[in-house]
Amino acid sequence: MARAGKRKTVKKARPSKRGAKKAAAKAVRAKAAPATGPVTLDEARTLAAAKQPKLAARALRKTAAPPASPAAVGAEREKLREEQREERARRVREYKATMEIMKRRGARRRRSKAAKAVDGEPTAKGGEAFDPLQIFAEGDSWFDYPVPFFGGGIIPRLEDRLGVPILNLAKAGDEVRYMLGVEERKVLAEHLTDGSPTGGPWDVLLFSGGGNDIVDNPMALWIKDFNPALPPAAHIHQARFDAALALVRAGYEDLIGLRDSISPSTHLAFHGYDFAIPDGRGICGFGPWLKPTFDLRKFPTRAAMEAVVKAMLEQFAVMLTSLAGPTVTFINTQGTLAPQPSSWHNELHPARTGFGNFADVFQLKLKALFPDRVA
């Protein structure tokens, strides 16, 4: 108890470092997102995130591993499917919240350094408003590259270049035969039927698939034993590879048919990857996907392996080119990267700058298709 006649002095608590950082971050966000007027993609995302309810932290519980029974395996598969459904729903919510803001307030492109006049004032072109494209993406790891701190695959880089969000439902490791199978076909049909969550049909559906269908363990079935007397293409067991490509083509044909019947105004765009280097590099415990087959088939040099991979991918590009038409575009990305290991993060995926190069190619093609809506 304090003595009578003496007041107890209480020191004012100083804000913690964490509190100071939060306050500073809040101030930056408030400054970055103006109260009125058109917004950039980054500003719209900031505003959308501020309106989302914060999820309560979930404690991790350690449980005993279930017995390896059919029931346990089935339960794990259903759990995985549920997690995938929740992830899709989260991506839809985030896309909708961001695009709603851009549509309501107007979309504005992010200013670039080149858009400033000599006196330092921004030019009118740098911040002009535009009608944002409504883009939906489905595919594999080239669209959704989940390696931490890498910046994703093509789609997040393309978003930055276009200045619009893209509903990206791609999933690393997906194959065309599954993407156009029963379950994922239903998801595609639903999104094509409903159109954009903010209203209107999708302007573009970007699709990335086929790479996972022709590599990895089954590739040993359509690569012959090495023979120095044969040219690269002759090392492909053509009848078998044709069968693999036919399955991939069937998926693409069904996607085109699905689009035609549900959302004919939606433009389809495909791509042909690039000439991968079979040097045995995997990532995060996955892979390699190419070199083991060539080791099995006793290929003596990486150059010999690369030549066969190139021949396979060229046939893949020919197949996709044959599907192109007025509302179907094949974006020929083959030859984008310098033919050296440093261009690649591993056997199947480009380095950071490489994914950026592909995003540039996509941007140019979309600019040609929608000249008034792409910078």
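The values are calculated or read from the model by the stated rules, or taken from the named source; none is laboratory data. This is a predicted model, so every value here is computed, not measured. So basically every Cβ, Gly included, is an ideal-geometry build from the backbone, and we count neighbours across all protein chains shown. Heavy atoms of the whole protein, side chains included, go into the accessibility calculation; ligands, DNA and RNA do not. Shrake-Rupley method; radii C 1.70, N 1.55, O 1.52, S 1.80 Å.
Quick rundown of the values:
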| read-out | value |
| --- | --- |
| Options Val328, Val374, Val318, Val308; residue that is open to solvent by less than 40 Å² (accessible area, probe 1.4 Å), of a type in the set (A, V, I, L, M) and out of contact with any Leu (no Cβ under 7 Å at 6 or more places or on another chain) | Val308 |
| Selection count where residues are farther than 16 Å from Asn212 by Cα and out of contact with any Lys or Arg (no Cβ under 8 Å at 6 or more places or on another chain), scope segment 241-254 | 1 |
| Meets criteria (under 24 Å from Val176 (Cα atoms), among the polar types (S, T, N, Q) and more than 18 Å from the chain's Cα centre (by Cα)) for Ser343 | no |
| Checklist (1) in a strand (DSSP E or B); (2) of a type in the set (A, V, I, L, M); (3) at pLDDT below 50 applied to Ala114, failing item | (1) |
| Sole residue being in a strand (DSSP E or B) and touching a helix residue (DSSP H, G or I) at 6+ places or on another chain (Cβ under 8 Å), chosen from Ala233, Ala269 | Ala269 |
| Filter result (surrounded by fewer than 20 Cβ atoms within 10 Å (Cβ to Cβ) and either of a type outside the set (S, T, N, Q) or closer than 22 Å to Gly251 by Cα (or both)) within segment 292-305 | Pro292, Asp295, Leu296, Arg297, Lys298, Pro300, Arg302, Ala303, Ala304 |
| Segment 362-375 residues that are assigned to a helix (DSSP H, G or I), paired with ones that are open to solvent by 60 Å² or more (accessible area, probe 1.4 Å) (beta carbon under 6 Å, 6 or more apart) | Gln363/Arg161 |
| Extreme residue, farthest from His235 (Cα to Cα), among residues of segment 296-326 that are touching a Lys or Arg at 6+ places or on another chain (Cβ under 8 Å) and outside any helix (DSSP H, G or I) | Leu323 |
| Criterion violated by Ala220 - all others in (1) assigned to a loop (DSSP other than H, G, I, E, B); (2) closer than 22 Å to Thr301 by Cβ satisfied | (1) |
| Residue match in segment 283-295 (condition: assigned to a helix (DSSP H, G or I), within 22 Å of Val147 (Cβ to Cβ) and either modelled with pLDDT of 95 or more or of a type in the set (Lys, Arg) (or both)) | yes |
| Of all residues in segment 131-151 being among the aromatic types (Phe, Trp, Tyr) and outside any strand (DSSP E or B), the one that is surrounded by the fewest Cβ atoms within 10 Å (Cβ to Cβ) | Phe149 |
| Test for Glu159: is it more than 21 Å from Asp372 (Cβ to Cβ) and open to solvent by 10 Å² or more (accessible area, probe 1.4 Å) | no |
| Yes/no for Ala97 being modelled with pLDDT under 90 and of a type in the set (Gly, Ala, Ser) | no |
| Residue identified as farther than 24 Å from Ile155 by Cα and surrounded by fewer than 21 Cβ atoms within 10 Å (Cβ to Cβ) among Ile236, Ile283, Ile256, Ile223 | Ile236 |
| Close pairs from segment 340-359: first under 16 Å from Leu158 (Cβ atoms), partner of a type in the set (S, T, N, Q) and surrounded by fewer than 17 Cβ atoms within 10 Å (Cβ to Cβ), Cβ under 9 Å, at least 6 apart | none |
| Which numbered condition Tyr95 fails, given (1) under 17 Å from the mean Cα position of the chain (by Cα); (2) among the hydroxyl-bearing types (Ser, Thr, Tyr); (3) exposed (fewer than 10 other Cβ atoms within 10 Å of the Cβ) | (3) |
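Results for (1) in contact with a His (Cβ under 7 Å, 6 or more places away or on another chain); (2) free of Cβ contacts under 8 Å to residues at least 60 places away in the same chain; (3) open to solvent by 10 Å² or more (accessible area, probe 1.4 Å), shown as yes or no for each residue.
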residue: Gly153; (1), (2), (3): no, no, no
residue: Val176; (1), (2), (3): no, no, no
residue: Gly181; (1), (2), (3): no, yes, yes
residue: Glu184; (1), (2), (3): no, yes, yes
residue: Leu192; (1), (2), (3): no, no, no
residue: Trp202; (1), (2), (3): no, no, no
residue: Phe207; (1), (2), (3): no, no, no
residue: Asn212; (1), (2), (3): no, no, yes
